[in-house]
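The structure appears below as structure tokens.
The values are calculated or read from the model by the stated rules, or taken from the named source; none is laboratory data. The model shown is predicted, which means the values in this text are computed figures rather than measured ones. In this analysis, Cβ positions are derived from the backbone assuming ideal geometry, glycine residues included, and neighbour counts consider all displayed protein chains. Surface areas here come from the heavy atoms of the whole protein model, side chains and all, with no ligands, DNA or RNA. Shrake-Rupley method; radii C 1.70, N 1.55, O 1.52, S 1.80 Å.
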Amino acid sequence: MEPTRDCPLFGGAFSAILPTGAIDVSDLRPVPDNQEVFCHPVTDQSLIVELLELQAHVQGEAAARYHFEDVGGVQGARAVHVESVQPLSLENLALRGCCQEAWVLSGKQQVAKENQQVAKDVTLHQALLRLPQYQTDLLLTFNQPPADNRSSLGPENLSPPPWSRGEFEQLVTSLTLHDPNIFGPQ
């Protein structure tokens, strides 16, 4: 998949620029209707775009922290640590017309994979785009598990390099709404 191509999301209601080699996880296993999930072809990295109910009881930076902790709870994280929370300039977003506030959070969660006892520190970058007129919190998550020693990313291997934070930022800023009917009747 070319990184410069807009990829349709949620049946074409949205589109965004995805990193090179992104594999649609829904081709491999069931994914909830409110999520679009992509994985890297070699690393354990993943990207998730989620349409969530607006959490109006939390505002500003606290909303970003709320969603980060909520994801940690869903994943059974043994520990969660927020490293930074920064406001995201609405001017840089394709969704600037309908996004009221945006935040970027970076942190670590200690998570064990299915059927494994040992928990590993996973770095997460999350962007929270708040769309109150649609009663929606749009959460984009970039999971960066620790590098696996088994994968060989040497020059003889033609697989794509690991995704970067810059590619995640491109996904966030390029996310475009095409059909507001995805949110139901307003």
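Normalising by residue count, the range 50-144 has a Cα convex hull of 93 Å³ per residue.
Excluding ligands, DNA and RNA, what is the solvent-accessible area per residue of the range 54-120 at a probe of 1.4 Å, expressed in Å²?
Per residue, the range 54-120 has an accessible area of 60 Å².
Over the range 1-124, Cα pairs under 8 Å with separation of 6+ residues give a relative contact order of 14 percent. Near Ser26, once Lys and Arg are set to +1 and Asp and Glu to -1 for all other residues with Cβ below 13 Å from its Cβ, the sum equals -3. All distinct Cα pairs of the chain go into the 1/r average, and the inverse of that average, the Kirkwood radius, is 17.2 Å. Label reach from Ala147 (point 7 Å along Cα→C-beta): in the range 20-50, amide nitrogens under 15 Å belong to 42-45. Only protein heavy atoms count here; on that basis, with a 1.4 Å probe, Trp103 has an accessible area of about 40 Å². Under the convention that each Lys and Arg Cβ holds +1 and each Asp and Glu Cβ holds -1, the size of the dipole of the chain around its Cα centre is about 320 debye. Loop-located trypsin sites (Lys or Arg not before Pro) in the range 1-78 (DSSP state other than H, G, I, E, B) with a sparse environment of at most 14 neighbouring Cβ atoms within 10 Å: Arg5, Arg78. Roughly how many percent of the accessible protein surface of the chain is carbon and sulfur, given a 1.4 Å probe and a whole-percent answer? The computed percentage sits at 49. Computed from the Cβ-Cβ distance with R0 of 35 Å, the FRET efficiency linking Gln135 to Ser159 stands at 0.30. The C-alpha atoms of the chain define a longest principal axis, and helix 165-174 lies at about 30 degrees to it.
Seen against the Cα atoms of the chain and their longest principal axis, helix 61-74 is set at about 50 degrees.
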